[in-house]
1. Find the accessible area per residue for region 52-159; the probe is 1.4 Å, ligands and nucleic acids are left out, and the unit is Å².
2. Would you kindly calculate the mean projected area, averaged across all directions, of the convex hull enclosing the Cα atoms of region 18-78, in square nanometres?
3. I'd like the accessible area for L166: 1.4 Å probe, protein heavy atoms, all chains in place, Å² to the nearest 10.
4. Carbon and sulfur atoms: what percent of the 1.4 Å accessible area of region 1-157 do they account for?
5. What is the sum of charges, Lys and Arg at +1 and Asp and Glu at -1, for the other residues whose Cβ falls under 12 Å from the Cβ of R23?
6. Calculate the spin-label point distance for N55 paired with A135, positioning each point 7 Å from the Cα along the beta-carbon direction, and give it in nanometres.
Amino acid sequence: MITNHDPDGQASVQSYDPDVFDRLNLFRTAKTLLSRHKGSISDLGGVIIDYKLHNVFGVSLLHKHFDLHHDEVLVRNIDSARRIAHSGPVSRHVEAVPYLWKALRDPGGRLRLAPLEFVRRHDVLSYEVDLTRHASFLTAIARALAERNLLDVFGISTTNIRNIPLGPHELMVETTDSEKRRLTITPMPRADVKIDDLTETFWTFIPGPVVDIGEVLKCTGEHCRQHCQSHCHTHCISHCSGLNHCYGHCVEHGPVCTVHCNHPDPY
């Protein structure tokens, strides 16, 4: 069922289809695809920034950790006060709004945006985004994904996870309990996290000029300087050393990765 079909070639938004969720890549496959296509994240972020929607949308790595029944949807519950979010399958009749979409082509070759995951809280309207106000952006981001053969790799997501406060020396980490079909997102101290064991799954973006990070930060380590010069404009927050000057610069100049996935990958 199409909710806002545009005969002039605009990307349209369709209702939830459980088959679209079923066809998502498992996490281990998504990680492999990420390693091949990481260089395209900045291009997608550029589309978001061009439409001045960097506070509304980010880029998400499309994947699933477990299957859903056809009468279920994956719903996120955010508890900002406790600084935690849980996602799990619930009835499709629950009051929730979509926050993650996948672009796809229908049999006629038209681009569509399909909702994948939903968010619920006491005030569900506080997380709702009226996609009808962003038709041009949806078409642009869908075309950008299609032109780069990324329809099965990345999607777009609202930045609802930012409602969980994050400290200056913390990372937002997602963990999975596949047996219970439950995802948990919570801040963790950088000192307690092995960066090499994490995989970025969500990126937000901040407008700003390209700068020489080596000059700005005056880093003392050559490896740090080279890393920042190579990566600061895609995911610096996730990999910087945690020093105050480095973190502060990353927050200011982004785009930045704000959510990671630490997954035991039972598949």
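The values are calculated or read from the model by the stated rules, or taken from the named source; none is laboratory data. For clarity, every value in this text was computed on a predicted model and none was experimentally measured. So basically every Cβ, Gly included, is an ideal-geometry build from the backbone, and we count neighbours across all protein chains shown. Surface accessibility is based on the protein's heavy atoms, side chains included, excluding ligands, DNA and RNA. Shrake-Rupley method; radii C 1.70, N 1.55, O 1.52, S 1.80 Å.
1. Ligands and nucleic acids excluded, the figure is 45 Å² per residue.
2. 5.5 nm²
3. 70 Å²
4. Carbon and sulfur together cover 46 percent of it.
5. That works out to -3.
6. Here the modelled spin labels are 2.5 nm apart.
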